[in-house]
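The values are calculated or read from the model by the stated rules, or taken from the named source; none is laboratory data. This structure is a prediction, so every number in the text was calculated from the model and none was measured. Please note: Cβ atoms are built from the backbone with ideal geometry, for glycine as well, and neighbour counts cover all protein chains shown. Side chains are part of the model used for accessible areas, which takes the heavy atoms of the whole protein and leaves out ligands, DNA and RNA. Shrake-Rupley method; radii C 1.70, N 1.55, O 1.52, S 1.80 Å.
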Amino acid sequence: MSGDSPEPTTPLLRQHLDGWRHRLATSLRLKTTLLSELSGAVGDLGTYIPIVLALTLVSHLDLSTTLIFTALYNIATGVLFGTPMPVQPMKSIAAVAVSETPHLTVSQIAAAGISTAAVLFFLGVTGLMSILYRFLPLPVVRGVQLSQGLAFAFSAIKYIRYNQDFTKTTATKTTDPRPWLGLDGLVLALVCLLFLVLTTGDGSGSESDGHLVSTTRRRRVQRRLRILSAVPSALMVFLLGLILCFIIDPTIFRDIKLGPSRFHVLKITWDDFKVGFIRGAVPQIPLSVLNSVIAVCKLSGDLFPGTELSATKVSVSVGLMNLVGCWFGAMPVCHGAGGLAGQYRFGGRSGLSVVFLGLGKLVLGLLFGNSFVRILTSFPVGILGVLLLFAGIELAMASRDMNSKEESFVMLVCAAVSLTGSSAALGFGCGIVLHLVLKLREMDFSGIPFFRSKSEPPAEDESLLNP
């Protein structure tokens, strides 16, 4: 009998292995060219690099640990979701850590990330996130996406036009106008911008000119567009920026030290949790719920029809990443609609795109460790602005599907309040209230005696009229 006991578990194990093999094959299957997936991999670095750089220089974040953990997150999410699911910094926590005084310590940043993650994990496992996702009005979600996309675009224009000091507060980090010439000049940024427009167009693909009358001309134009769209434009621009880093500051070669930093578990006190929760988690939680889960799921359904992500899985994913990594000093991260839009805009169509990004981060984290910050400090900010601009515009364009003036009205009010109040939660609240008021106007109150006109007879039961 003892020899027969393993038999029942063997088919079950084989079934699980077959399931994972199928998931890997599906998630990592090329849906476009390999170069396009590689180009899409760098589509969200316009937001990733400035925030990581600021946290490393101001708050002494361990860059090596952050690169390694975010690399593992990228690889895991690419396999699990099968789409170019981004892994981005929690922006509100980062803004508080860098701009407010006193600056948050690494332990307080980690505590803020753990607190936010715990809330999202709870909302995910209890199913509350799915309920929110199912019943939230689409115009309100589109308003949050529009405001976030425009905010990215505004920041991108500042990166292109002005020199930036990411170690200063948000209000004073923009310094003097960027010079026209130079290795990080305005001309370089504009050339990169025109190159990306020429190769990627409006992001709608190579079939957008199919309305041309002449068949011969249509074939010729479509052939040219296919060639241009196959160019890994974002990857080429990013590699150009890396090369310029070493030309701008040749001393980088001398300062680079090989090898990662040593892993260690942070000592997080109760006071760290109190400060981190109040100053970091409280403003971050609404943004994570709206932009990192709900807006990401909506945008995924728009970009990849028929493959809309589960709000529960995305929420649990954000929770698990930070409940593990933050204890080792990794930067608090989430998924973001802007990152997804950027990676899609530059060619990412499958999980393979973010797997490539994860492998790149893993190599950099293991090879250069914390000395990689020397390279990032010399990276041309104008090029980062160009990448960020396209990501922001792609995210904002997701709001173009409003079908009525009423929906557009709610969306625009929500976006305007979010932008002027610098708070997605405030815009979301105003959008919900406005949506409910507009629906209240259209409700039929004739069945309520208080609202019935004196000259209007009471409604008769149709069952009495038609026995």
>> Leu61 - would you say it is under 23 Å from Gly259 (Cβ atoms) and buried (at least 22 other Cβ atoms within 10 Å of the Cβ)?
In response: yes
> Out of curiosity, is Val125 under 19 Å from the mean Cα position of the chain (by Cα) and of a type in the set (A, V, I, L, M, F, W, C)?
Replying inline: no
> Which numbered condition trips up Lys298, out of (1) under 21 Å from Gly40 (Cα atoms); (2) in a helix (DSSP H, G or I); (3) modelled with pLDDT under 90; (4) of a type in the set (D, E, K, R)?
Replying inline: (3)
> In segment 64-118, which residues are surrounded by fewer than 21 Cβ atoms within 10 Å (Cβ to Cβ) and not in a helix (DSSP H, G or I)?
Replying inline: Glu100, Thr101, Pro102, His103, Thr105
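Here is a list: Gly329, Gly336, Gly325. Which entry is open to solvent by less than 30 Å² (accessible area, probe 1.4 Å) and under 18 Å from the mean Cα position of the chain (by Cα)?
Working: Gly329 fails: under 18 Å from the mean Cα position of the chain (by Cα); Gly325 fails: under 18 Å from the mean Cα position of the chain (by Cα).
Residue meeting the stated conditions: Gly336.
Return the residues of segment 265-286 that are aliphatic (A, V, I, L, M) and buried (at least 24 other Cβ atoms within 10 Å of the Cβ); say none if nothing qualifies.
Ala281
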> If we keep just the residues of segment 378-404 that are at pLDDT 90 or above and of a type in the set (Ser, Thr, Tyr), which is surrounded by the fewest Cβ atoms within 10 Å (Cβ to Cβ)?
Replying inline: Ser404
>> Suppose we filter segment 304-315 for residues that are open to solvent by 30 Å² or more (accessible area, probe 1.4 Å) and either in contact with a strand residue (DSSP E or B) (Cβ under 6 Å, 6 or more places away or on another chain) or in contact (Cβ under 8 Å) with a residue 12 or more places away in the chain (or both); how many remain?
In response: 4
> If a residue has to be open to solvent by 50 Å² or more (accessible area, probe 1.4 Å), part of a helix (DSSP H, G or I) and hydroxyl-bearing (Ser, Thr, Tyr) to count, how many in segment 119-150 make the cut?
Replying inline: 0
>> Any residue in segment 406-426 that is under 13 Å from Leu290 (Cβ atoms) sitting within a Cβ distance under 6 Å of a residue that is hydroxyl-bearing (Ser, Thr, Tyr)? List the pairs, counting only those 6 or more apart or interchain.
In response: Ala415/Ser147; Ser418/Ser147; Ala424/Ser418
> Got a sec? Which helices (runs of 4 or more DSSP H) wholly within segment 312-423 have at least 3 residues that are touching a Phe, Trp or Tyr at 6+ places or on another chain (Cβ under 9 Å) and within 30 Å of Lys439 (Cβ to Cβ)?
Replying inline: 405-420
>> If a residue must be more than 25 Å from Leu299 (Cα to Cα) and without any contact (Cβ under 8 Å) to a residue 40 or more places away in the chain, how many such residues does segment 82-135 contain?
In response: 2
> Which residues, counting only those in segment 346-360, are in contact with a Ser or Thr (Cβ under 7 Å, 6 or more places away or on another chain) and buried (at least 24 other Cβ atoms within 10 Å of the Cβ)?
Replying inline: Phe346, Gly347, Gly351, Val354
> From the list Ile248, Ile256, which one is open to solvent by 30 Å² or more (accessible area, probe 1.4 Å) and in contact with a Leu (Cβ under 7 Å, 6 or more places away or on another chain)?
Replying inline: Ile248
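So that you can scan it fast, the table gives a plain yes or no per residue for (1) at pLDDT 90 or above; (2) under 18 Å from Ser147 (Cβ atoms); (3) more than 17 Å from the chain's Cα centre (by Cα):
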site	(1), (2), (3)
Cys245	yes, no, yes
Ile268	yes, no, yes
Phe277	yes, no, yes
Ser288	yes, yes, no
Asn291	no, yes, no
